[in-house]
Amino acid sequence: MRTTGEPASGNGASSFHLWWEPPPPSADEIAVTLTVEDEPRHDRLVFWALQVEFRSGFRHMGGAHIGLQWNRRHVRSRAVNWGGYDGSGKVLAGSESTLPSTPGDPNTRDFPWEPGRPYRLTVRPGSSPGRWLGVVTDMTAGSRVEVRELFTGGEWLARPVVWSEVFARCEGPSVAATWSDPVTEGPRGRVAPGGYRVSYQSEEAGGCSNTTVVHGAGGVRQITAAVRTTQDGSLVPVG
């Protein structure tokens, strides 16, 4: 078991995921609410995101992730990312964001999120077919920010999953995020998944053994540097 030290994965992170069950057969829009519970007490990168896959018919056109980052390269270590890869693994092109970026990163922009506030992450159609818009809504203030469009060529969305990717040492300090109100919009109307399928990056792949998932009335929490109480492959209700 790996409960101390750096994650030994190729990218230096320990990741764990909540796969939507059942996955929607197709969707035009996918959204979920993220609340980062407390400001991380370290200066290492943490990324919480909603990931979707783009498809054209049954053809895989790549995937992308929209989410918040604790990232010391940005103002007050706060950032938003909307980026991804095409079916061949090439970084997706996109429109220029109106948000500034301290390091000049087209995918990752300065964004003044605050802990304890819920943010709605949404992927929806953009200005023309094959373009997908990433949107972040501050549910407390009611303000909505369109991060930018990605150029993918996909006709619809599939395989939503939310995750935490943590580049800190396994022993902490602990960070926690809550996911709530997942929903897809598509040919079948507005649909919420019945639960999440839990997956952890294995110790063999470099992941930490002390990450866990906890179901609560307000949603599903992902927590680092904690005793694992929900095992890999478990199905947890959405809230």
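What to note about this one:
- On the stretch given as the range 147-158, residues that are part of a loop (DSSP other than H, G, I, E, B) and acidic (Asp, Glu) total 1.
- Restricting attention to the range 63-121 and to residues that are aliphatic (A, V, I, L, M) and part of a loop (DSSP other than H, G, I, E, B), the residue that is nearest to residue 219 (Cα to Cα) turns out to be 99.
- Qualifying residue in the range 104-121 (condition: closer than 30 Å to residue 57 by Cβ, surrounded by fewer than 19 Cβ atoms within 10 Å (Cβ to Cβ), modelled with pLDDT under 95 and of a type outside the set (S, T, N, Q)): no
- Meets criteria (out of contact with any Cys (no Cβ under 6 Å at 6 or more places or on another chain), modelled with pLDDT of 95 or more, of a type in the set (Gly, Ala, Ser) and surrounded by fewer than 17 Cβ atoms within 10 Å (Cβ to Cβ)) for residue 225: no
- Inter-residue pairs, beta-carbon under 6 Å, first within 30 Å of residue 6 (Cβ to Cβ) and touching a residue at least 24 places away in the same chain (Cβ under 8 Å) and in the range 169-194, second of a type in the set (Lys, Arg) and surrounded by 14 or more Cβ atoms within 10 Å (Cβ to Cβ), 6+ apart: 170/2; 176/221; 178/221
- Hey, residue 97 under 21 Å from residue 76 (Cα atoms) and without any contact (Cβ under 8 Å) to a residue 12 or more places away in the chain or not: no
- Of all residues in the range 185-201, none are farther than 22 Å from residue 121 by Cβ, at pLDDT 95 or above, surrounded by fewer than 20 Cβ atoms within 10 Å (Cβ to Cβ) and not basic (Lys, Arg).
- Residue 89 closer than 21 Å to residue 121 by Cα and either more than 11 Å from the chain's Cα centre (by Cα) or charged (D, E, K, R) (or both): no
- The listed residue being among the acidic types (Asp, Glu) and over 22 Å from residue 36 (Cβ atoms), out of 165, 146, 203: 203
- Some residue of the range 169-180 being at pLDDT below 95, in contact with a strand residue (DSSP E or B) (Cβ under 7 Å, 6 or more places away or on another chain) and not charged (D, E, K, R): no
- Looking across the range 126-147 at every residue that is closer than 16 Å to residue 62 by Cβ and crowded, with 16+ Cβ neighbours inside 10 Å, the one that is farthest from the chain's Cα centre (by Cα) is identified as 130.
- Residues satisfying the stated conditions in the range 56-88, i.e. at pLDDT 95 or above and among the basic types (Lys, Arg): 72, 73, 76, 78
- Per-region count, the range 29-45, residues loosely packed, with under 15 Cβ neighbours inside 10 Å and closer than 26 Å to residue 155 by Cβ: 0
- The single condition from (1) in a loop (DSSP other than H, G, I, E, B); (2) surrounded by 13 or more Cβ atoms within 10 Å (Cβ to Cβ) that residue 16 fails is (1).
- Residue list for the range 159-177, restricted to those being surrounded by fewer than 21 Cβ atoms within 10 Å (Cβ to Cβ) and either under 15 Å from the mean Cα position of the chain (by Cα) or assigned to a strand (DSSP E or B) (or both): 159, 161, 167, 176
The values are calculated or read from the model by the stated rules, or taken from the named source; none is laboratory data. Every value quoted in this text rests on a predicted model; they were computed, and no experiment measured them. With ideal geometry, Cβ positions are generated from the backbone for all residues, glycine too; neighbour counts draw on all protein chains shown.
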